[in-house]
Amino acid sequence: MNPPRLSTASLPCLPSVVRRPAYDRAALGIGIAHLGLGAFHRAHQAVFTDERIAAGETDWGISGMSLRSPAVRNALAPQDGLYTVLERGPAGDSARIIGSVAEVLTVPEQPDRAMARLTDASTRIISLTVTEKAYCRAADGGLDHAHPDINRDLTGDAFPRSVPGLLVEALRRRRAAKAPPCTVLCCDNLPRNGETVGRLTEAFAMRRDPQLAAWIRTEVAFPSTMVDRIVPSTQDEDRAAVAALGYADAWPVVAEPFTQWVIEDRFSGPRPRWEAAGALLVDDVHVYELMKLRCLNGAHSTLAYLGALAGTETVSEAMAEPALAGFLSRLWREDLLPTLPATPGVDLSAYTAQLADRFRNPRIRHRLLQIAMDGSQKLPQRLLGPALERLRAGAMPRAIAIAVAGWMAFLLGADERGGQHEIDDPMSERLVMAARTAGRDATALSNALLAIRDIFPGELAEHEGFRREVRSALDALLTRGVRASLHS
Ligand code: CS2
């Protein structure tokens with residue numbers, strides 16, 4: 001017999017080891033419209049929110065919206081929005097069902113319902129986890145006016161496709177309807193993420209209606225946040241792990257035990273008391289964000305490219321390679337930690353030691369290729385910004401140069417064990433073309449890639465010393481391989 005499918009009706013029959021919402025979901029109000037209903041949101045913000053709803057803040061149900069694919073809605077709608085978070089710690093799994101996602105929509109298929117939710121008077125927070133590339137940023141951090149979705153949305157003729165277009169249209173309608181104030185809460189790994197999204201939204205609005213842009217500036221808060229939890233993409237074996245508990249969940253999410261959320265306490269309207277669920281509400285999130293973007297995400301990207309080149313598959317497998325784990329310690333010590341301001345109460349060496357432990361968690365199969373995705377959108381804030389700061393401080397960021405060379409070698413599409421990988425990146429055409437043309441010639445390959453100003457700022461790419469470091473690291477990787485070149 002097939003195990004029962006997770007749903008409101010089957011909740012009471014689930015095995016008692018599975019924690020589940022004890023509140024009345026039918027009575028939930030929806031106070032949050034969330035764009036980007038991926039695994040990360042479901043294992044992070046939705047869990048903090050579930051806690052607060054369970055504590056009685058029942059106005060904060062989430063309307064979760066996917067911007068492209070109907071896959072999440074198709075999996076979760078038959079489950080009434082319920083899904084499992086499988087937390088995997090060194091000692092074992094624990095399963096918990098999250099009830100905070102009260103509604104699941106696919107924007108392109110249900111544009112009217114999505115817009116109605118975004119503009120509803122009871123929606124007081126529009127939050128986002130849509131990944132770096134969805135914000136349509138240009139190399140200088142401003143709005144990419146050449147982006148086809150931005151051009152299309154600026155005509156105002158059709159339902160918006162881009163995130164800035166969708167936000168501006170929702171805010172325009174809220175203003176026209178005199179809806180109560182709402183906050184836009186970015187939960188993506190961008191530097192100064194709230195400020196950045198505020199700037200992009202305003203820049204888009206400016207092109208449509210300068211008065212709307214001025215209204216957004218004064219009426220809508222864009223607090224910055226630092227979000228952290230390692231959430232690998234769900235695999236069939238994870239569905240099987242849930243089925244072994246005695247019920248079927250079409251899309252559970254897997255996460256490590258660690259979770260952190262630091263939020264700037266600047267909201268235009270009300271918010272859940274997320275601090276009572278463990279979030280840290282602060283005046284300025286910047287130092288937390290820098291620390292996490294550089295030490296966690298910068299190390300992740302480094303491991304993704306060098307580890308994939310070395311033929312390892314997951315973060316924990318890569319960490320089991322002494323050359324790779326040793327190199328991360330060097331990267332932190334030499335090039336990343338020196339760029340971080342000392343902050344009272346934050347022990348940076350304890351932080352990186354804890355990161356190394358988290359990366360080693362063998363029960364989390366975090367595929368390196370998942371992290372390697374969209375390198376053109378990730379490298380600037382994770383590694384290139386710190387490299388530039390080191391150069392300006394008179395130091396040569398040699399470890400970062402090796403990480404950058406790792407990305408360049410990765411673009412050739414083959415690993416050292418004869419495996420092949422695709423380049424999944426919004427700039428893949430250009431990157432793959434550059435890699436194909438240059439081939440395994442370190443000078444030609446590094447010259448071609450360093451010339452891309454949408455990724456490398458001129459001040460870094462034209463620095464002779466840095467170019468030399470990247471070139472020689474790339475040559476070593478291509479001729480001697482990852483392990484041998486990191487050991488030397
Ligand atoms: C990762 C992040 O895929 C990636 O680029 O670096 O998703 C990382 O796992 C999270 O930011 C951890 O909080």
**Item:** Tally, over the range 414-469, of residues that are surrounded by 14 or more Cβ atoms within 10 Å (Cβ to Cβ) and of a type in the set (K, R)
**Value:** 3
**Request:** Can you tell me which residue among A342, A350 is away from the ligand (no atom under 14 Å from the Cβ), more than 22 Å from L486 (Cβ to Cβ) and assigned to a helix (DSSP H, G or I)?
**Result:** A350
**Prompt:** Counting just the residues of the range 125-155 that are assigned to a helix (DSSP H, G or I) and out of contact with any helix residue (DSSP H, G or I) (no Cβ under 9 Å at 6 or more places or on another chain), which one comes out least open to solvent (accessible area, probe 1.4 Å)?
**Reply:** N151
**Item:** Scope the range 115-124; condition in a helix (DSSP H, G or I) and open to solvent by less than 10 Å² (accessible area, probe 1.4 Å); matching residues
**Value:** M115, L118
**Asked** Could you say which residue among L185, L167 is buried (at least 19 other Cβ atoms within 10 Å of the Cβ), touching a residue at least 60 places away in the same chain (Cβ under 8 Å) and within 24 Å of the chain's Cα centre (by Cα)?
**Response** L185
**Request:** Name every residue in the range 272-319 that is out of contact with any Ser or Thr (no Cβ under 7 Å at 6 or more places or on another chain), of a type in the set (D, E, K, R), crowded, with 18+ Cβ neighbours inside 10 Å and touching a residue at least 40 places away in the same chain (Cβ under 8 Å), in order of residue number.
**Result:** K292
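Which residue is nearest to E264 (Cα to Cα), if the candidates are limited to the range 170-181 and must be of a type in the set (G, A, S) and open to solvent by 10 Å² or more (accessible area, probe 1.4 Å)?
Among those residues, the one meeting the criterion is A179.
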**Request:** Considering (1) away from the ligand (no atom under 16 Å from the Cβ); (2) in contact with a helix residue (DSSP H, G or I) (Cβ under 8 Å, 6 or more places away or on another chain); (3) closer than 16 Å to A435 by Cβ, say which one A372 fails and leave the rest.
**Result:** (1)
**Cross-chain or 6+ apart pairs with Cβ under 6 Å, the range 9-26 first and closer than 13 Å to Q79 by Cα, then crowded, with 16+ Cβ neighbours inside 10 Å** = L11/R20; R25/G99
**Asked** Which condition number does L328 fail, the rest of (1) among the hydrophobic types (A, V, I, L, M, F, W, C); (2) open to solvent by 20 Å² or more (accessible area, probe 1.4 Å); (3) farther than 29 Å from L185 by Cβ being met?
**Response** (2)
**Request:** List every residue pair whose Cβ atoms sit under 6 Å apart, with the two residues 6 or more apart in sequence or on different chains, where the first one lies in the range 231-243 and is more than 15 Å from R42 (Cβ to Cβ) and the second, anywhere, is at pLDDT below 95 and open to solvent by 20 Å² or more (accessible area, probe 1.4 Å).
**Result:** A243/P3
**Message:** Please determine whether any residue of the range 359-368 is within 14 Å of the ligand (Cβ to nearest atom), open to solvent by 20 Å² or more (accessible area, probe 1.4 Å) and either at pLDDT 95 or above or farther than 16 Å from V231 by Cα (or both).
**Reply:** yes
**Message:** Given the options G38, G89, G56, name the one that is small (G, A, S) and either open to solvent by less than 10 Å² (accessible area, probe 1.4 Å) or modelled with pLDDT under 95 (or both).
**Reply:** G89
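Anything in the range 66-84 that is under 13 Å from A248 (Cα atoms) and either touching a helix residue (DSSP H, G or I) at 6+ places or on another chain (Cβ under 8 Å) or crowded, with 20+ Cβ neighbours inside 10 Å (or both)? List them, or say none. Talk me through it step by step, then tell me what you get.
Of the range 66-84, the ones under 13 Å from A248 (Cα atoms) are 75-76, 78-79, 82-84.
Scanning the range 66-84 gives L76, Q79, L82, Y83, T84.
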**Prompt:** Identify, please: which residue in the range 375-413 is open to solvent by 40 Å² or more (accessible area, probe 1.4 Å) and of a type in the set (K, R) and is, among those, farthest from the ligand (Cβ to nearest atom)?
**Reply:** R392
**Fill in**
Within the range 198-231, the residues that are more than 16 Å from the ligand (Cβ to nearest atom), touching a Lys or Arg at 6+ places or on another chain (Cβ under 7 Å) and either acidic (D, E) or open to solvent by 10 Å² or more (accessible area, probe 1.4 Å) (or both) are E202, W215, A221
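The values are calculated or read from the model by the stated rules, or taken from the named source; none is laboratory data. Note that the coordinates shown come from a computational prediction; the quantities given were computed from them, not determined experimentally. We place every Cβ from the backbone using ideal geometry, glycine too, and count neighbours over all the protein chains shown. Surface accessibility is based on the protein's heavy atoms, side chains included, excluding ligands, DNA and RNA. Shrake-Rupley method; radii C 1.70, N 1.55, O 1.52, S 1.80 Å.
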